[in-house]
Amino acid sequence: MRIVAALGGNALLQRGEHPDATVQQHHVHEAGRSLAELALAGHEVVITHGNGPQIGLLAVESETDPALTAPYPLDVLGAQTQGMIGTLLARELAGRLPDRAVTALVTHTEVDPGDPAFGLPDKFIGGQLTDEQAKSMERERGWSCARDGERLRRVVPSPLPREIVEVPAIRTLLTTGTVVIAAGGGGIPVVRNPDTGLLRGVEAVVDKDRTAALLAERLDADALLILTDVTHVFSGFGTLRPRPVISATPEQLRRLDLPAGSMRPKAEAVAEFVERTGGLAAIGPLDDALGTLLGTTGTTCRTDPEAAEPGPNALPTAPSAHGRAETHPAV
């Protein structure tokens with residue numbers, strides 16, 4: 001099978017952790033085992049990942065660097081995060097897959113310059129801010145901030161992905177058996193000049209999950225896996241009795257009341273891929289990618305009208321591998 005696996009932000013940093021290199025290397029080491037199992041099972045594998053904490057950190061550093069007359073734009077910072085995260089993943093997977101080539105590809109995602117998202121920033125980047133810090137950033141740097149849990153975070157425009165520029169190159173690499181890391185952080189956002197065909201970067205961050213769905217579609221992938229730090233999508237989120245959804249159709253997934261800043265875009269991406277391709281999609285735990293593919297864990301989405309209804313076929317809420325009840329985090 002040809003599989004696109006999208007890693008949630010928890011692949012490198014979990015909420016509240018310091019964004020040190022050693023912390024991120026530890027998480028990549030843990031994710032590497034799970035991802036390598038897909039390749040060792042004989043599948044073609046393309047990996048994509050989030051970059052919210054990393055691009056936010058770089059944006060702050062760029063804004064405050066006295067050596068710069070102007071901060072670096074988000075598209076350039078996105079490219080930097082692709083290189084940083086890509087090399088950590090590539091090195092980890094190369095060590096676990098000595099007989100497979102592994103490469104990280106700098107990838108551009110084309111967006112519509114007229115996308116209304118440019119006037120409605122809602123994509124979280126960077127760490128948590130107090131109310132006072134957020135007000136200061138809004139006043140001094142022109143940031144937009146929104147509440148994410150108990151704290152505030154910076155939000156930036158997140159236009160919909162239209163095309164992924166490097167798809168032909170990714171296809172070529174897959175024919176050689178290469179494990180490809182691509183479209184990190186949703187891809188570097190660019191717009192194309194209709195007259196010259198030239199690409200220009202824009203100040204935005206594309207949603208990683210929607211780019212993953214588009215990438216899987218353009219590559220004719222058999223399956224899309226969105227891997228995060230929950231075992232399932234949960235119905236009744238925010239209630240005293242959340243219940244894990246085992247399987248659902250796209251329509252059933254969309255009917256669930258899911259958090260807009262975390263699980264909602266993942267469910268939308270999964271539903272879109274299944275509707276457009278008829279393929280298999282699933283949301284599951286980062287530490288069990290193969291189990292998510294096989295349906296032994298995670299929430300599976302299919303076009304099959306007999307797919308399980310979220311309510312009647314839910315299982316009792318269970319503790320996670322870390323000994324805590326699963327909820328929908330902002331990832």
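Scan the stretch 183-206 and give yes if some residue there is closer than 19 Å to His43 by Cβ, more than 22 Å from the chain's Cα centre (by Cα) and open to solvent by 30 Å² or more (accessible area, probe 1.4 Å), otherwise no. No, there is no match, as no residue in the stretch 183-206 is closer than 19 Å to His43 by Cβ, more than 22 Å from the chain's Cα centre (by Cα) and open to solvent by 30 Å² or more (accessible area, probe 1.4 Å). Restricting attention to the stretch 272-303, the residues that are within 21 Å of Leu256 (Cβ to Cβ), among the small types (Gly, Ala, Ser) and assigned to a helix (DSSP H, G or I) total 0. Within the stretch 242-261, residues that are open to solvent by 40 Å² or more (accessible area, probe 1.4 Å) reach partners that are among the β-branched types (Val, Ile, Thr) and not in a loop (DSSP other than H, G, I, E, B) with beta carbons closer than 9 Å, at six or more positions or on different chains, in the pairs Ile246/Thr299; Ile246/Thr300. With respect to the conditions (1) acidic (Asp, Glu); (2) within 17 Å of the chain's Cα centre (by Cα); (3) more than 25 Å from Val76 (Cα to Cα), Asp220 lacks only one, and its number is (2). Exactly one residue among Gly197, Gly236 is within 19 Å of Ile283 (Cα to Cα), free of Cβ contacts under 8 Å to residues at least 24 places away in the same chain and not basic (Lys, Arg), and that residue is Gly236. Within the stretch 115-142, the set of residues being farther than 20 Å from Asp75 by Cβ, surrounded by 11 or more Cβ atoms within 10 Å (Cβ to Cβ) and of a type outside the set (S, T, N, Q) comprises Gly127, Leu129, Asp131, Ala134, Lys135, Met137, Glu138. For the stretch 23-44, state whether one or more residues are of a type in the set (S, T, N, Q), closer than 23 Å to Leu77 by Cα and at pLDDT below 90. Yes, the conditions are met somewhere in the stretch 23-44. Under the condition of being part of a helix (DSSP H, G or I) and either open to solvent by 80 Å² or more (accessible area, probe 1.4 Å) or more than 26 Å from Val111 (Cβ to Cβ) (or both), the residues counted in the stretch 161-170 number 1.
Scanning the stretch 300-315 for residues that are in contact with a helix residue (DSSP H, G or I) (Cβ under 9 Å, 6 or more places away or on another chain) and modelled with pLDDT under 95 gives Arg302, Thr303, Ala307, Ala308, Glu309, Pro310. Tallying residues that are at pLDDT 90 or above and open to solvent by 30 Å² or more (accessible area, probe 1.4 Å) within the stretch 220-230 yields 2. With the condition kept exactly as written, say whether any residue in the stretch 152-160 is surrounded by fewer than 22 Cβ atoms within 10 Å (Cβ to Cβ) and of a type in the set (Ser, Thr, Tyr). Looking through the stretch 152-160, none of the residues is surrounded by fewer than 22 Cβ atoms within 10 Å (Cβ to Cβ) and of a type in the set (Ser, Thr, Tyr).
Of all residues in the stretch 44-92, those satisfying the criterion of being within 13 Å of Val106 (Cα to Cα) and among the hydroxyl-bearing types (Ser, Thr, Tyr) are Thr48, Thr81, Thr87. Among the residues of the stretch 37-60, those that are surrounded by fewer than 19 Cβ atoms within 10 Å (Cβ to Cβ) and either aliphatic (A, V, I, L, M) or more than 23 Å from the chain's Cα centre (by Cα) (or both) comprise Leu40, Ala41, Gly42, Leu57, Val60. Residues in the stretch 231-240 that are surrounded by fewer than 21 Cβ atoms within 10 Å (Cβ to Cβ) and touching a strand residue (DSSP E or B) at 6+ places or on another chain (Cβ under 8 Å): Gly236 only.
The values are calculated or read from the model by the stated rules, or taken from the named source; none is laboratory data. Only a predicted model underlies this, so the values are computations on that prediction, with no experimental measurement involved. In this analysis, Cβ positions are derived from the backbone assuming ideal geometry, glycine residues included, and neighbour counts consider all displayed protein chains. For the accessible areas, the whole protein counts, side chains as well, though only heavy atoms, and no ligand, DNA or RNA atoms are used. Shrake-Rupley method; radii C 1.70, N 1.55, O 1.52, S 1.80 Å.
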